[in-house]
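A quick write-up on the structure given underneath.
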Amino acid sequence: METKLTKSPRIAAQILLNGGVVAFPTETVYGLGANAFDETHVQKIFLAKGRPPDNPLIAHVASFHELELLVRKIPPVAERLIEAFFPGPLTLVLPRSKYVPDIVTAGLDTIGVRMPSLKLAQAFLKECGVPIAAPSANLSGKPSATSWKAAWDDFNGKIEAILKGDDSELGLESTVVDCSVKRPTVLRSGAISLEELRRIAPETRLEISRRASIPKSPGMKYRHYAPEAEVKIIDDFSNLDYGGAYIGLREPPQAFAHQRICKGLGDYARALYAFFRECDARGLKTIHCQSVPECGIGLALMDRLRKAAKK
Ligand code: AMP
Ligand code: MG
């Protein structure tokens with residue numbers, strides 16, 4: 001199959017509505033989209049990614065009308081979070097409506113919904129006119145794509161089109177908050193921090209059953225975000241071995257052959273996945289990543305680093 005590259009949200013939407021799978025930019029990472037109401041179209045996403053069928057997809061919407069089609073009920077706390085953070089890098093898990101095919105939610109009674117803020121994503125979703133089911137545009141287990149080129153590297157010849165936009169502004173996936181339970185629960189940390197959520201909903205908690213056999217967020221049980229290279233999280237700079245690459249905020253005592261010194265937490269988050277992919281392309285075997293304090297986006301960054309470091 002030939003994968004079309006286009007800058008036109010209209011052309012990309014036409015391809016999608018004809019049953020194609022289309023990678024598209026958002027402010028978090030690139031998504032791999034299909035019509036959420038069409039089971040056979042959504043099936044193609046799982047095939048292209050090699051995604052386990054029990055890992056649900058996030059539905060992306062352009063309007064509140066679309067959101068209402070997907071969910072059965074919006075609890076008051078979810079309304080407050082929507083008011084504060086939509087459109088933006090927040091996914092809410094809500095009771096799903098009868099219109100949503102099982103394949104999107106992996107049979108769960110809930111659905112994850114997000115309204116991206118990136119203008120090009122909004123234009124694309126509006127042209128589609130239906131909610132778009134989309135996981136991140138990477139082969140299952142690999143670092144998410146934060147540029148059209150990364151989506152191309154993973155999916156050239158495997159999907160119908162890529163909507164070309166800029167590199168992702170945030171670089172880490174959305175924060176996923178379960179609002180189908182009594183207390184809002186963060187299932188995956190992300191660009192909207194716990195501190196920001198608690199300003200709106202002070203009762204928000206972090207999912208703690210990380211080791212439970214049935215995780216609340218099915219995606220959490222899989223190895224994720226991982227490059228081919230071995231990821232080592234470091235906070236002690238005194239006994240470093242200088243093989244491979246380095247990414248972090250601090251300048252190491254000696255330079256690594258390949259390194260990226262980031263200007264702050266936001267820059268670190270934005271650069272991480274592209275750096276992982278670049279190291280793999282260079283055939284590097286080890287990537288040293290500096291650990292960071294777990295506040296603000298640091299919580300999400302450490303979550304991704306730990307998952308990438310897990311063997
Ligand atoms: P991705 O889009 O590839 O970043 O993955 C979406 C993430 O959201 C995965 O970790 C999913 O397990 C999680 N997710 C999506 N829908 C739901 C849902 N209904 N309930 C719990 N977690 C969900
Ligand atoms: Mg993903």
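The values are calculated or read from the model by the stated rules, or taken from the named source; none is laboratory data. These numbers come from a predicted model, not from an experiment. Because the Cβ atoms are built from the backbone with ideal geometry, glycine has one as well, and the counts that use them run over all protein chains shown. Accessible surface areas use protein heavy atoms only, side chains included; no ligands, DNA or RNA. Shrake-Rupley method; radii C 1.70, N 1.55, O 1.52, S 1.80 Å.
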Taking +1 at the Cβ of each Lys and Arg and -1 at the Cβ of each Asp and Glu, which of Tyr99, Ala121, Leu69 sits farthest along the dipole of region 16-125 towards its positive end, judged by Cα position relative to the Cα centre? Ala121
Relative compactness, the chain, computed as alpha-carbon Rg over 2.2 N^0.38 Å: 0.97
Net length gained if the chain between Leu139 and Glu251 were fully extended (0.36 nm per residue, minus Cα distance): 37.1 nm
Do any of Lys285/Lys310; Lys44/Lys149; Lys98/Lys164 go past 23 Å between their Cα atoms, and which? Lys98/Lys164
Quick one: accessible area per residue over region 102-261, 1.4 Å probe, rounded to a whole number of Å²? 45 Å²
Take the solvent-accessible surface of the protein heavy atoms, probe 1.4 Å, and return the percent of it on region 58-190 that carbon and sulfur atoms account for. 52 percent
Let me know the charge dipole size of the chain about its Cα centre in debye, to the nearest 20, where only the beta-carbon of Lys, Arg (+1) and Asp, Glu (-1) is charged. 420 debye
Which of Ile287, Ile159, Ile208 ends up with the largest GNM mean-square fluctuation for the chain, with Cα atoms connected below 10 Å? Ile208
Gain upon complete extension [Arg282, Lys73; 0.36 nm per residue less C-alpha separation]: 70.4 nm
Connecting C-alpha atoms closer than 10 Å in a GNM of the chain, tell me which of Asp236, Asp153, Asp38 has the biggest fluctuation. Asp236
Most mobile of Gln290, Gln254, Gln43 per a Gaussian network model of the chain (Cα springs, under 10 Å)? Gln254
Take the Cα gyration tensor of region 21-133, multiply each eigenvalue by 5, square-root it, and list the three semi-axes largest first, rounded to whole angstrom. 20, 17, 12
Using modelled amide H (1.01 Å from N, peptide plane; none on Pro or chain starts), what sits under 5 Å from the amide H of Glu230, excluding residues fewer than 5 places away? Thr286, Ile287
Based on DSSP H runs of at least 4 residues, each adding -39500 (n - 2.57), what is the mean residue ellipticity at 222 nm of the chain after dividing by all its residues, to the nearest 500 deg cm²/dmol? -9000 deg cm²/dmol
Calculate one ³J(HN,Hα) per residue across region 244-257 by plugging θ = phi - 60° into the Karplus curve 6.51 cos²θ - 1.76 cosθ + 1.60, and present them in order as whole Hz with x for glycine and proline. x, 10, 9, 9, x, 8, 9, 6, x, x, 10, 7, 7, 4
With every protein chain present, what is the per residue accessible area of region 21-98 (1.4 Å probe, Å²)? 37 Å²
Once you place label points 7 Å from the Cα toward the Cβ at His65 and Glu39, how far apart are they in nm? 2.7 nm
As a test of reading the structure, rank Thr286, Thr175 by solvent-accessible area (1.4 Å probe, protein chains only), most first. Thr286, Thr175
Volume in Å³ per residue [convex hull over Cα atoms, computed for region 1-44]: 87 Å³
How many angstrom lie between the C-alpha centres of region 54-96 and region 160-185? 11 Å
